[in-house]
1. What is the residue count in segment 89-114 for residues that are more than 25 Å from H146 (Cα to Cα) and crowded, with 20+ Cβ neighbours inside 10 Å?
2. Check off (1) touching a residue at least 24 places away in the same chain (Cβ under 8 Å); (2) outside any loop (DSSP other than H, G, I, E, B) for R133 and give me the number that stays unchecked.
3. Can you work out which of the residues in segment 136-156 that are within 20 Å of R87 (Cα to Cα) and either touching a Gly at 6+ places or on another chain (Cβ under 9 Å) or not in a loop (DSSP other than H, G, I, E, B) (or both) is least open to solvent (accessible area, probe 1.4 Å)?
4. Among (1) closer than 14 Å to H59 by Cβ; (2) assigned to a strand (DSSP E or B), which single condition is T115 missing?
5. Can you find a residue that is in a loop (DSSP other than H, G, I, E, B), at pLDDT below 90 and among the aliphatic types (A, V, I, L, M) anywhere in segment 59-74?
6. Where residues in segment 124-157 are basic (K, R) and out of contact with any His (no Cβ under 9 Å at 6 or more places or on another chain), which of them is modelled with the highest pLDDT?
Amino acid sequence: MAHLPAALPGLALSVLLVVCGLAGLLPEAQAQNDLEDRLPDAIANEAPSLRFEHLGIEHGLMQGSVVDIMQDRQGFLWISTLGGLHRYDGHTAEAYTSIPFDTTSLSHDNVRSVTEAENGDLWVGTSNGGLNRLDRATGRFTHYRHDPDDPSSLSDDRTTHTLM
């Protein structure tokens, strides 16, 4: 009798497992099929509890193109738009925008991202105004911009994400 290559029994077992799995003969495969069959019912049971609200200019947004949304620890939604940063309390949105000659306002209205820091301050990334830190206690922004004469400054005033 000829000897089988050492890898052949393992290969044969793998083929058998795949065939049995495809046929639904293995308990794991059957459990997976049962889960997939029940999943639409589970989603349907949860769907009535979901509620979506559409926010727009009538709620205080300065602009309707939303780029990013973040919920802070206090429950406020912070909405980044092409027209500024907005804080939504569930009823109305308060806008934070760039005010000319006000160095404590947002540096640029095209807001790309917002993230909450451990201390509650918000870090706001803008399309062309660098990075901003909103001091929640004072409501004032500090700007972090690119300075070609300072190698420790931001590499560019265009930011896309703020990560904490």
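The values are calculated or read from the model by the stated rules, or taken from the named source; none is laboratory data. Owing to the predicted nature of the structure, the values given are computational and were not obtained by experimental measurement. Methodologically, a virtual Cβ is constructed for each residue, glycine included, from the backbone with ideal geometry; neighbour enumeration extends over all protein chains shown. Ligands, DNA and RNA are stripped out before the accessible areas are found, and what is left, the full protein with its side chains, is counted by its heavy atoms. Shrake-Rupley method; radii C 1.70, N 1.55, O 1.52, S 1.80 Å.
1. 1
2. With respect to (1) touching a residue at least 24 places away in the same chain (Cβ under 8 Å); (2) outside any loop (DSSP other than H, G, I, E, B), R133 is out only on (1).
3. If we filter segment 136-156 for residues that are within 20 Å of R87 (Cα to Cα), which is where we start, we get 136-143.
Those still in the list that are either touching a Gly at 6+ places or on another chain (Cβ under 9 Å) or not in a loop (DSSP other than H, G, I, E, B) (or both) too: 136-137, 140-143.
Values: R136: 65, A137: 97, R140: 140, F141: 11, T142: 52, H143: 62 Å².
Ranking the qualifying residues of segment 136-156, first place goes to F141.
4. With (1) closer than 14 Å to H59 by Cβ; (2) assigned to a strand (DSSP E or B) applied to T115, the lone miss is (1).
5. Going residue by residue through segment 59-74, those that are in a loop (DSSP other than H, G, I, E, B) are 60-65, 72-74.
Add one more test, that the residue is at pLDDT below 90, and what stays is 60-65.
Within this subset, residues satisfying the condition of being among the aliphatic types (A, V, I, L, M) are 61-62.
Yes, because at least one residue in segment 59-74 is in a loop (DSSP other than H, G, I, E, B), at pLDDT below 90 and among the aliphatic types (A, V, I, L, M).
6. In the first step, residues of segment 124-157 are kept if they are basic (K, R); the result is 133, 136, 140, 145.
Right, trim to out of contact with any His (no Cβ under 9 Å at 6 or more places or on another chain) and you get 136, 140, 145.
Values: R136: 92, R140: 97, R145: 93.
Per the stated criteria, the residue is R140.
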